[in-house]
Amino acid sequence: MQFRPTLIIGLGGSGTFVVRRLKKRLRRLVQGEVPPAVQLLAFDTDAQKSDEHLEELTPSEFHRLSNFPGNVYVTATAKAQNPAIAQFWQYKNLVPDFIQDGAKQRPPVGRLALFVRFDDVVRNISDSVTRMFRSLPGYTPPPNIRSVDVYVIGSSCGGTGAGMFFDIANLSRQLIAQSALEAILQGHVFLPSCFSGTQVALRSIQTNA
């Protein structure tokens, strides 16, 4: 069974859920491990939750962009040293505190996590693209294909995915172009209606979306 080079990136809790469920279905389809042509990535500011109905993502697939004191990165001194954060962090009444268990439905905090862990994100995306086209025992990359299908999946309603969605999509396109490849990009976004009937506070998710 042949697969086109495909990079699937899940952002935040919703995006990570989709990637974990997709991995389980892919493994059933191929009756084994997901082929290297299909790379799965998930970025979140919270840990992977144990769930017997979902496939666990490996350390090369799941990356936690948290465990840092957010307040330290938004001081005037810190922003002077990091123009990228200074350009968007103009939230006088938002205190990020220590970022550990998710962005708590605060998109600016999710975006801050991306900038703080930016080098890790770049390396993880680049490594995934490299693995698609690397010959391995029992695996030969698809020949004469110079493009990568990229799917970015996240929620517009929460904090992590909503905060970094557009940045990750643009970054993925740029990194793939550096490998002389074309990124065929698709975004898949959860809207508030996806969370009706759940425990999520509807007012917050509608405001974020």
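The values are calculated or read from the model by the stated rules, or taken from the named source; none is laboratory data. Computed from a predicted structure; not experimentally measured. Backbone-built Cβ (ideal geometry, glycine too); neighbour counts: all protein chains shown. Note: accessible area is taken over every heavy atom of the protein model, side chains too, but ligands, DNA and RNA are not part of it. Shrake-Rupley method; radii C 1.70, N 1.55, O 1.52, S 1.80 Å.
Given the structure, is Gly163 in contact with a helix residue (DSSP H, G or I) (Cβ under 6 Å, 6 or more places away or on another chain) and modelled with pLDDT of 95 or more?
yes
Can Val72 be described as open to solvent by less than 30 Å² (accessible area, probe 1.4 Å) and either assigned to a helix (DSSP H, G or I) or among the aromatic types (Phe, Trp, Tyr) (or both)?
No, not satisfied.
Here are some residues: Val116, Val74, Val121. Which one is modelled with pLDDT of 95 or more, in contact with a Leu (Cβ under 8 Å, 6 or more places away or on another chain) and under 30 Å from Lys24 (Cα atoms)?
Val121
Give me the helices (runs of 4 or more DSSP H) completely within the range 107-209, filtered to those with at least 1 residues that are over 26 Å from Gln87 (Cβ atoms), among the hydrophobic types (A, V, I, L, M, F, W, C) and within 15 Å of the chain's Cα centre (by Cα), ordered by residue number.
Where helices (runs of 4 or more DSSP H) fall fully within the range 107-209 and carry at least 1 residues being over 26 Å from Gln87 (Cβ atoms), among the hydrophobic types (A, V, I, L, M, F, W, C) and within 15 Å of the chain's Cα centre (by Cα), they are 118-132.
Would you mind telling me which numbered condition in (1) open to solvent by 70 Å² or more (accessible area, probe 1.4 Å); (2) over 21 Å from Pro5 (Cβ atoms) Ser156 fails?
Answer for Ser156: the failing condition is (1).
Among the residues of the range 1-42, write down those that are of a type in the set (Gly, Ala, Ser) and outside any helix (DSSP H, G or I).
Of everything in the range 1-42, those that are of a type in the set (Gly, Ala, Ser) and outside any helix (DSSP H, G or I) turn out to be Gly10, Gly32, Ala37, Ala42.
Can you name the number of the only condition in (1) of a type in the set (Gly, Ala, Ser); (2) within 17 Å of Leu11 (Cα to Cα); (3) part of a helix (DSSP H, G or I) that Gly102 fails?
All conditions pass for Gly102, except number (3).
Taking the range 1-13, which residues are modelled with pLDDT under 95 and open to solvent by less than 40 Å² (accessible area, probe 1.4 Å)?
Hit for the range 1-13 is Pro5, nothing else.
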